[in-house]
Amino acid sequence: MPLCGLHNMVTAGLFSEIKLQEAEAIANDYGYATIKAALNFGFLTRKEYVGFLEEEGFPLIDIRAEELDLLYLEQCDLQHLNAFLYCPVRMEADGLLVAAGDPMDEKLIAGLSSKFDCPIKMVAASDLDITWLVHKYRGEYYVKEAVFSLMRKDPESSGIITFTDPQLISIFGMIMIFFVLLVVNFVKTAIFFNLLLSVTFLFAILFKLFLALRGSQSELQESVTKEEVMAVDNSTLPIYTILLPVYKEDKLIRKLIWNLRALDYPRAKLDVKLLIEEDDDKTLNAVRALDFPANFEVIVVPFHMPKTKPKACNYGLFFSRGQYLTIYDAEDIPDADQLKKVHVLFNKLTPDYVVLQGALNYFNKNENFLTRMFTLEYSYWFDYMLTGLQTVDTPIPLGGTSNHFKLDKLIELGAWDPFNVTEDADLGVRVFEKLYRIGVVSSTTLEEANNEPFNWIRQRSRWIKGYMQTFLVHMRNPAHLVQRIGWKGFFGFNFFIGGTSVTFLVYPVLLLFFFVYLIFDLTAVKALFPAWVLYVGIFNFIAGNVLMIYINMLAVFKRRYYELILFAMLNPVYWLMHSIAAYKGLWQLIYKPFYWEKTNHGLTKMSHSSAAAAASTT
């Protein structure tokens, strides 16, 4: 008698014996049911399997519409429910009704019969609906751990409190002192703060220029050659977990699968988790409707606030089996050999390297003004800034994707802060504080550059708000921070993390002074600011803009994006957009600190084939 439904498929000639053996080997390695391995690793489609079940007399029931007796479900462990795709429904006259992805799995039937000490009546249900149900009703412990674990283990690193009492006292104290000084001596106070703002603005940009120049002169400390990648023995490669946090990305599911197929890594060793929120039926149904095999496991994240990407990733860690772990967004196109490069580089580096950052860039760089400026920005950031930060021994804020972690060290660090909306930048600082190191891997992941202004503002305001959160969290005790990361790291953190937000907030103020002085002959302005003060302020403003234009021009050379070099002249306009986003981020920091503003993807008019061509030429 067959042990499971796949054996019946082999008997019926619908599934090969070789595929069955491969699926069973994966199932043993991962601790899965065989049918889960077959569906997760692309041995057959869900549509094929559903058709087979119906022919065998097991039509799928809509388990989400069934009356569920939680008494029996609560006696089962979520890890086991998730791995073996079953859900106890209720007790009936002829036994316990159990919905399963494989209702012919004799080993599962025997185990449940022994567990509940009663006959088991099996019915078929969609593996996706079973996954949704068991995570919804049995995922409470795991989702609470995902949200509160860091706060409990390392409260100083948690962003659940936006402003501490000492910070609020300091902020309102400085505001009070400022107004008192204005009353005592308006002119001198205004002059002092004007100079302070303009000098801070210029110094923050000079620090970025310094990093960019260091980065341009410095190659990666360690590199991986093509020969080293080709020499990798696939049988020695470890399991690699890929987290794919998505929310209402139903239109990008097909593209996501296509991009994953291009990865040069053994299929059986890719532990891919598609993290779908409980209320995201659109994406779940898009997976259900796929008519070709896919290589990922669906994990449904139960509802719990805050509804953020880091919370979903923390939840996914409980089901991750890899030695290494990385995150890709739905629209990402990583280099095919990226995972192997990471494996080789980790083996070459010292054990204190716990994360490697891949470069990010854009496949639709020439679509419009925004995508061109976005490409310039990312090019100087990942090609120059990160390598520059490596050379000065200061915290490196990680990007939002293509971070490759040693999984055990990631868990040791407390993973991501679910209350921080730029969770990877924050994690980069914590890595440095714990005396671990971040490396840069010479591999690129192409993304879709945001091409719509309001969508861009939403995305960038979240990023800047997250930088503000990160600054506030790690500056709760400045003396303690100096002890942990040293003076060099302390100043680097302040000028890179804190200074980035400050420059965007200060920029429109300096711009206003500049235009008022140029356009209007206002006696009051000249009385308030003597000529030398205005000259210093205007010089700092102009010099800062010229330096940022220069940094943007530098960005084109490593990737030979020469057609973008003249667009660097438009950086002042691009920075003004940053200022709008910064003030929006500041407003949200006060009123909605944990709100994750959704960025819409899939807006580009570039076709998938064009994107793939862009990837192959980068």
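Remarks
- Computed [θ] at 222 nm, helices only, for the chain once each DSSP H run of length n ≥ 4 contributes -39500 (n - 2.57): -17000 deg cm²/dmol
- Three principal axis extents describe the C-alpha atoms of the range 218-280; from largest down they are 45, 34, 18 Å.
- Spherically averaged projected area of the range 139-232 from its Cα convex hull (nm²): 13.2 nm²
- Around the amide H of S126, modelled in the peptide plane, lie the amide H atoms of I61, I63, all under 5 Å away and 5 or more residues distant in sequence or on another chain.
- Sites F203 and R267, calculated FRET efficiency, Cβ-Cβ separation with R0 56 Å, nearest 0.05: 0.65
- Rounded Å value of the spacing that divides the Cα centres of the range 332-410 and the range 161-218: 30 Å
- Long pairs among K19/K341; K153/K273; K248/K592; K144/K311; K36/K309; K273/K309, criterion Cα-Cα beyond 19 Å: K19/K341; K153/K273; K248/K592; K36/K309
- Taking a straight line from the alpha carbon of K465, these aspartates and glutamates sit under 16 Å away, with near neighbours fewer than eight places off in the same chain left out: D417, E423, D424, D426, E597.
- The order of D337, D62 by accessible area, most exposed first and with a 1.4 Å probe, is D62, D337.
- Ranked by how many other beta carbons lie within 10 Å on average, peptides 259-266, 233-240 from highest: 259-266, 233-240
- The range 259-287 and the range 560-594: distance between their alpha carbon centers, rounded to Å: 32 Å
- Every Cα-Cα pair of the range 31-141 was included, and the share exceeding 22 Å stands at 25 percent.
- Among the helices of the chain, those built from whole DSSP H runs whose Cα atoms reach 24 Å or more along their own axis and whose mean Kyte-Doolittle hydropathy is at least 0.5 are 165-184, 186-217, 499-519, 531-554.
- The range 32-163, accessible surface, carbon-and-sulfur percent (1.4 angstrom probe): 51 percent
- Labels on offer are [x] 54, 31, 21; [y] 40, 31, 23; [z] 51, 26, 21, and the one holding semi-axes √(5λ) of the Cα gyration tensor in Å computed from this structure is [z].
- Efficiency of FRET from Cβ geometry, E228 and K558, R₀ 22 Å, rounded to 0.05: 0.55
- FRET efficiency for the T350 to A479 pair, using the beta carbon distance and R₀ = 35 Å, is estimated at 0.75.
- Cα-based equivalent ellipsoid, the range 305-368: semi-axes from gyration tensor eigenvalues, Å: 23, 22, 10
The values are calculated or read from the model by the stated rules, or taken from the named source; none is laboratory data. Just so you know, these numbers come straight off a predicted model, no measurement behind them. With ideal geometry, Cβ positions are generated from the backbone for all residues, glycine too; neighbour counts draw on all protein chains shown. Remember, those area values only see protein heavy atoms, side chains included, never the ligands or the DNA or RNA. Shrake-Rupley method; radii C 1.70, N 1.55, O 1.52, S 1.80 Å.
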